[in-house]
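Reviewing the structure listed below.
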Amino acid sequence: MASHDATATATVPEMAPVFHPIVWGDFFINYNPEPLQMSEERMTERSNQLKEKIIGLFSCGTIVEQLNLVDTLQHLSVDHHFHEKIDSTLRSAHAGEFNSSSLHHVVLRFRILRQQGFWVSPEHNTNNKLTFRWWKNLYREVGLNYSRDRVVECYFWAYTAYYEKEYTRASMILAKIIAIIIMTDDTYDVRATLVECRQWEESATSFLPEYLQKFYLKLMSTFKEFEDELKPDNKYRVAFSTKAFQILSSNYLQEAEWFHQNHKPRFNDQVKVSSVCSGGPWICVGLLVGMGDAATKEALEWALGCTDAVRACAEVTRFMNDLASLKRGKNKNDVASSVECYISEQGVASEVAIAKIGSLIEDAWKTTNQAHFELPELLLPAVQRVANITISMPFMYDNKTDAFTFSSRLEGTIKRLFVNPIKL
Ligand SMILES: [Mg+2]
């Protein structure tokens, strides 16, 4: 009994809390506002003019601009002046088809409609649909149909790096980057002239033919969309990705120069350039753009520096692709491959060159493994995603075949992952 009383005493406050006195005192009892700067009649007239101006905005612009207008009015708490207009805008946004490939726009539409009571499916297939629509626009409407039509395979490739739901943004951005690499590679290899390649590199857009001008503008708008999808303090990541794309373009141009000069480079020079042209280095930077907080500035600097695991990723991609190209054959403007350059420089048979390339792939795997325990712990999340991409290469280029280009080889894998559910 004595201990029960002691507990009760301990839990009951000894004194009621003391609240501080009113901050305002009698201020509002004695307060007389300053006289209005204009008459009430004039104020009403001005208010009506502004309302008319806002109402006018509802009848122009895209549906995304109108949804942004609704969002702004709601944030300013003046939306109650525009009930009718907002209602009719939301009804038409809900009933009409919505084809934006921007995740930001889709989320805006979803949020505004759902908070006003309109049913919108939360189906996050939305992610791949957005990527496929973006591709359709770029590939067909911009007119890049000389390139490999492989958006599903790009999506699958990005999925090998990020399969978790919480990384869908990172995965979608990565899928688009891989798709851009494929289209740019094919542009250099099968379509553009050397002059056009140089103009592209110099961003001399006014001199470019129409199809490249459209491609360039679409790339710029895609990079802008990446920025829109990031928090303000993460937008700087896109500049790293853009820099990696510029490095890729410069190396594509070097390959084009070699091809048009009929020049067979030294093996080491060829590997240095063609490893970048594999797209691996940009993929390693690009996969960090949409990642969470683990994608630090240090991680982006490491990826852009193209050392250890990133270089290994590029080399595995290049060498496996080159071994596959022995069977696949080359594109119209393809420069001499690493295998060809090694044969030419060393004066050896193709079997010797193939064995050499195989041993370099082994070395790159070891570098990838070492990176896990040699690099600072802070970089490990980025290293793991880079390693995921490297590990995906056998899906694409195993057994000296190019399953990405001859994509029926990937059909079964893709169906098992995205189409046919596992029977429980
Ligand atoms: Mg190429």
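A short reminder: the numbers here are calculations on the coordinates, not readings from a lab. No experiment lies behind these values; they were computed from the predicted model shown. Cβ atoms come from the backbone with ideal geometry, glycine included; neighbour counts cover every protein chain shown.
Relative contact order of the range 43-113, please, whole-number percent, based on alpha carbon pairs below 8 angstrom and at least 6 residues apart. If you can, show how the numbers build up before the last one.
On the way: 28 pairs, mean separation 24.1, N = 71.
Averaging sequence separation for qualifying contacts and normalising by length gives 34 percent for the range 43-113.
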### Query
Excluding same-chain residues fewer than 8 positions from K231, which aspartates and glutamates have a Cα within less than 12 Å of its Cα?
D293
#### Entry: GNM result for the chain, Cα springs below 10 Å: residue of R409, R42, R198 fluctuating most strongly
R42
### Normalised per residue, the volume of the convex hull around the Cα set of the range 35-122 (Å³)
110
#### Entry: Derived scalar couplings ³J(HN,Hα) [the range 267-274; Karplus, 6.51 cos²θ - 1.76 cosθ + 1.60; whole Hz; x for Gly, Pro]
3, 4, 5, 4, 5, 4, 6, 6
#### Entry: For the range 306-314, Karplus couplings with θ = phi - 60° (6.51, -1.76, 1.60), whole Hz, Gly/Pro x
6, 10, 4, 5, 6, 4, 4, 4, 4
#### Entry: ³J(HN,Hα), Karplus 6.51/-1.76/1.60, whole Hz, each residue of the range 299-304, x for Gly, Pro
5, 5, 5, 4, 5, 5
### Task
Go through 21-31, 308-318, 243-253 and give me the packing order, highest mean Cβ count within 10 Å leading.
308-318, 243-253, 21-31
### Query
Using only helices, what value at 222 nm comes out for the chain when you add -39,500 (n - 2.57) per DSSP H run of length 4 or more and divide by the total residues, to the nearest 500 deg cm²/dmol?
-21000 deg cm²/dmol
## Note on the structure
PRE zone check, label point 7 Å out along Cα-to-Cβ of Q49, amide N under 13 Å, scope the range 76-103, hits none
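If neighbour count is taken as other Cβ atoms inside 10 Å, put S221, S147 in order from fewest to most. Don't skip to the end; give the middle numbers.
Working: S221 12, S147 19.
Least crowded to most crowded, the residues run S221, S147.
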### Query
Mind listing P(r) for the range 126-418? All alpha-carbon pairs, 10 Å bins, whole percents.
6, 29, 37, 23, 5, 0
### Task
Give the order of K218, K224 when sorted by the count of other beta carbons within 10 angstrom, beginning with the fewest.
K224, K218
### Message
Please compute the length gained on full extension between S359 and H260, using 0.36 nm multiplied by the number of residues separating them and subtracting their Cα-Cα distance.
### Response
32.6 nm
### Query
Separation between the I414 and T296 pseudo-spin-labels, each 7 Å from Cα along Cα→Cβ, expressed in nm?
3.8
### Task
Please work out the Cα center distance from the range 207-260 to the range 371-398, rounded to the nearest Å.
24
### Summary
For E201 and I22, extending 7 Å from Cα along the Cα-Cβ vector and measuring point to point gives, in nm, a value of 7.7
### Query
For the cross-link pairs K272/K327; K129/K176; K243/K264; K85/K224, which exceed 18 Å when the distance is taken from alpha carbon to alpha carbon?
K272/K327; K243/K264; K85/K224
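Between S250 and N30, 0.36 nm times their residue separation minus their Cα-Cα distance comes to what?
Values: separation 220, 0.36 × 220 = 79.20 nm, distance 7.27 nm.
The span from S250 to N30 would gain 71.9 nm if fully extended.
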### Task
Before anything else, pin down the relative contact order of the chain: Cα pairs under 8 Å, at least 6 apart, normalised by residue count, whole percent.
14
### Query
For V238, what charge total do you get from the other residues with a beta carbon under 14 Å from its beta carbon, if Lys and Arg give +1 and Asp and Glu give -1?
+3
### Message
Between D149 and V120, what's the calculated FRET efficiency when r is the beta-carbon distance and R0 is 25 Å? Round to 0.05.
### Response
0.25
### Query
From the Cα gyration tensor of the range 205-332, with a ≥ b ≥ c the square roots of its eigenvalues, which class applies: rounded if a/c is under 1.5, or else prolate if a/b is larger than b/c, or else oblate?
oblate
